[in-house]
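Okay, handing you the structure first.
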């Protein structure tokens, strides 16, 4: 057996411990039936059912949290995309003094710790008496926090638009709409998808802002997961919420990779 | 015409860049001035140093700084140190490399809170580790491993979450190094370690710095891992900030917030210079 095969085997074993075991545990815990608890002396739950899934769906804030998260995330994604386009066009197509510094400063929300951002954002909202419209506050904060990703993605797309294609279209007397369709649209299409998906995933996952600015009135999936892991800790219930948070992300990320046809999402996500 | 062009550029920058600058500027402004007694949410504004004095006189503040630094430094170093050899191994595609790459990237898809829950399931009193060891008869009764006092659990979680991220950043950079450069070093007698230290690390130093800085800042300001899997007798800086804020002590919370920002900023500068010094030594000016 050569070294490569040994390393592959090692990674697969580590990944089994790293990924498969924890997720299997979470799935098993979510299926524990309350009629007989899963005690330390038993390697598998003695009785399994979907009771916890039904229970969480009927008796917790899960429906409200899902609704909030799945309204907030696409709205954030849409706002980020719309607001990022003019800036991305300026970064990608125009030359001006201070462009590089401006590009660097757009990354500030990514570098600044989210807990600091959210606490002082809530302080500003208090100061201006705007703290009661929770959805709006969380939405604004999410847009500010995630717009750097949209700007970065769309800037790369605008940079990739070929000037000779624009010139050729213009030489052939194409209207502005036709120039956009032939020269800009093919480059921007994947960027629009990528921007919406990445911001959507980041917004669904975001915890600090939803917790500090939104809670307790405006709950999202991560905030109820935090409660389920802390004050309301019941392991099978927490397992249900964890799995609900993870599965859509995995599907969306696989879809994202297909859309981008890229092996390196870091280049796009700007991380 | 020039003025019109500038107006056009400003108008284009306002919705995106302007929004960021406005809110981030406000956040920095409020955090800094609130730590000096201004922006008082429950009384008169009064410029004072008393909140900083209070913080500096509290042991809990120093303990939090030390603890957050410990988590930030160790997590970033381990994540990048483990990511380098893996990125080198995956530099050239081989049979199975795409699957390995995807498996290693998988934790990126898992939310930090979910990761903390999964980890707690393993090490909890009724967790799988205790179950297995009792089942095979190695332990008579469960051992308490959760919330360990040295924050090993938090460090494992940080590495679990950040290693794939470091790998993503480093892999692209390492893959862009041409074979001719590495072959030339090999021809000149450089062994694996020399090639890593003298060729690969200097050529990927920007990615290494980016990975170290972003992981350091994230781990320094960690809240979720610490509050679920961290030691119960220690506060991270984010936890301390939230504790003050929840008790209406906004000025002290601001002091802690500013401390996080200062440490993040100084840490980023320190990491940049240290990495340059390690890999370029006296030639640091040439690098500039």
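The rows are residues; the columns are (1) at pLDDT 85 or above; (2) more than 15 Å from residue B:228 (Cα to Cα).
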| position | (1), (2) |
| --- | --- |
| B:116 | yes, no |
| B:141 | no, yes |
| B:146 | no, no |
| B:150 | yes, no |
| B:158 | yes, no |
| B:162 | yes, yes |
| B:166 | yes, yes |
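So in region B:20-36, with the set limited to residues that are assigned to a helix (DSSP H, G or I) and more than 7 Å from chain A (Cβ to nearest Cβ), which one is farthest from residue B:255 (Cα to Cα)?
The extreme case among them is B:22.
Residues of region A:220-234 being surrounded by 23 or more Cβ atoms within 10 Å (Cβ to Cβ) and more than 7 Å from every other protein chain (Cβ to nearest Cβ), which ones?
Those that are surrounded by 23 or more Cβ atoms within 10 Å (Cβ to Cβ) and more than 7 Å from every other protein chain (Cβ to nearest Cβ): A:220, A:221, A:223, A:224, A:228.
Something else about it: Restricting to region B:122-155, name every residue that is part of a helix (DSSP H, G or I), in contact (Cβ under 8 Å) with a residue 12 or more places away in the chain and more than 8 Å from chain A (Cβ to nearest Cβ).
Within region B:122-155, B:123, B:129, B:153, B:154, B:155 meet the criteria.
With respect to residue A:5, determine if the residue is within 11 Å of chain B (Cβ to nearest Cβ) and not in a helix (DSSP H, G or I).
No.
Checking the condition assigned to a loop (DSSP other than H, G, I, E, B), buried (at least 21 other Cβ atoms within 10 Å of the Cβ) and touching a helix residue (DSSP H, G or I) at 6+ places or on another chain (Cβ under 9 Å), which residue from B:47, B:17, B:39, B:119 passes?
Every option except B:39 fails the conditions.
Of all residues in region A:119-139, count the ones that are part of a helix (DSSP H, G or I) and either more than 9 Å from chain B (Cβ to nearest Cβ) or touching a residue at least 24 places away in the same chain (Cβ under 8 Å) (or both).
Number satisfying all stated conditions: 10.
Here is a list: A:22, A:109. Which entry is in a helix (DSSP H, G or I), closer than 30 Å to residue A:151 by Cα, at the interface with chain B (Cβ under 7 Å from one of its Cβ atoms) and at pLDDT below 90?
Every option except A:109 fails the conditions.
Among the residues of region B:235-249, write down those that are touching a helix residue (DSSP H, G or I) at 6+ places or on another chain (Cβ under 6 Å) and at pLDDT below 90.
B:245
While we're here: Quick test for you: out of A:104, A:108, A:125, pick the one residue that is out of contact with any helix residue (DSSP H, G or I) (no Cβ under 9 Å at 6 or more places or on another chain) and surrounded by fewer than 24 Cβ atoms within 10 Å (Cβ to Cβ).
Criteria check complete, one pass: A:104.
Another question, then. Could you list, in sequence order, all residues of region A:90-106 that are in a helix (DSSP H, G or I), free of Cβ contacts under 8 Å to residues at least 24 places away in the same chain and closer than 18 Å to residue A:188 by Cβ?
Residue satisfying the conditions is A:90 alone.
So, one more: Restricting to region B:229-244, and then to whatever is under 18 Å from the mean Cα position of the chain (by Cα) and in a loop (DSSP other than H, G, I, E, B), can you tell me which residue is surrounded by the most Cβ atoms within 10 Å (Cβ to Cβ)?
Going through the qualifying residues, I end up with B:236.
Of the residues in region B:171-228, how many are under 16 Å from the mean Cα position of the chain (by Cα), assigned to a helix (DSSP H, G or I) and in contact (Cβ under 8 Å) with a residue 40 or more places away in the chain?
Here the count works out to 16.
Can you name the condition, by its number, that residue B:106 falls short on among (1) within 7 Å of another protein chain (Cβ to nearest Cβ); (2) crowded, with 17+ Cβ neighbours inside 10 Å; (3) touching a residue at least 12 places away in the same chain (Cβ under 8 Å)?
(2)
From the list B:215, B:136, which residue is over 17 Å from residue B:77 (Cα atoms) and out of contact with any strand residue (DSSP E or B) (no Cβ under 6 Å at 6 or more places or on another chain)?
B:136
Exactly one of (1) within 14 Å of another protein chain (Cβ to nearest Cβ); (2) at pLDDT below 85; (3) touching a helix residue (DSSP H, G or I) at 6+ places or on another chain (Cβ under 9 Å) is unmet by residue A:158. Its number?
Just one mismatch for residue A:158, condition (2).
The values are calculated or read from the model by the stated rules, or taken from the named source; none is laboratory data. Just so you know, these numbers come straight off a predicted model, no measurement behind them. Positions of Cβ are backbone-derived with ideal geometry, glycine not excepted, and every protein chain shown enters the neighbour counts.
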